[in-house]
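The values are calculated or read from the model by the stated rules, or taken from the named source; none is laboratory data. Note that the coordinates shown come from a computational prediction; the quantities given were computed from them, not determined experimentally. Cβ atoms come from the backbone with ideal geometry, glycine included; neighbour counts cover every protein chain shown.
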Amino acid sequence: MSEQYQAPGSQRSSDIRLTPQRIAILQVLRSTDTHPDASWVYDEVRKQLPHISLATVYRNLTRLAEAGMIVKLELEGQVSRWDGRTQAHNHISCTRCGRVADIAPVSLTESVWDHITATSGFRVKGYYLTCYGCCPDCVQRDGARQSENV
Ligand SMILES: [Zn+2]
Ligand SMILES: [Zn+2]
């Protein structure tokens, strides 16, 4: 049983044509670990390709994700975020500021696997783990605000 997630579609990376737009998008995404949304990617790509439209950026992001070259993150209460890192890893998002960070692969214990199999009947092959909470900056801001009020 694999304990790593397999990015859906990650085997199909060869069937995509790398246009200048897609190359620019890939470069932008691989140069950051902030898991940006499409409009941030658009702003960055426009520095190289001033005439590109947001719709084109969005369409190419979707296509690159389908080809397994990037990962689309659907996080609760947030617009889609995009990740240039396709190796197995998991995420944590801040419910205050929306920041998304990577967390290293986690091994689930046998009892968790057994529980999932027992309750779903599925043979489990992998998983995405997405945590949410409060990022260090927001925790610090909260602390500062509280001490102001004292
Ligand atoms: Zn935060
Ligand atoms: Zn990530």
With respect to Ala65, determine if the residue is free of Cβ contacts under 8 Å to residues at least 12 places away in the same chain and in a helix (DSSP H, G or I). no
For segment 109-146: of the residues being surrounded by 10 or more Cβ atoms within 10 Å (Cβ to Cβ) and β-branched (Val, Ile, Thr), which is farthest from ligand 2 (Cβ to nearest atom)? Thr117
Could you go through segment 3-18 and let me know if any residue there is at pLDDT 95 or above, among the aliphatic types (A, V, I, L, M) and either out of contact with any His (no Cβ under 8 Å at 6 or more places or on another chain) or within 30 Å of Asp142 (Cβ to Cβ) (or both). no
Which of the residues spanning segment 79-108 are surrounded by fewer than 16 Cβ atoms within 10 Å (Cβ to Cβ), in a strand (DSSP E or B) and β-branched (Val, Ile, Thr)? Ile103
Exactly one condition in (1) among the aliphatic types (A, V, I, L, M); (2) within 16 Å of ligand 1 (Cβ to nearest atom); (3) over 17 Å from the mean Cα position of the chain (by Cα) is false for Ala101; which is it? (3)
Of the conditions (1) part of a loop (DSSP other than H, G, I, E, B); (2) out of contact with any Phe, Trp or Tyr (no Cβ under 9 Å at 6 or more places or on another chain); (3) more than 10 Å from ligand 2 (Cβ to nearest atom); (4) without any contact (Cβ under 8 Å) to a residue 60 or more places away in the chain, Glu76 satisfies every one except a single condition; which number is it? (2)
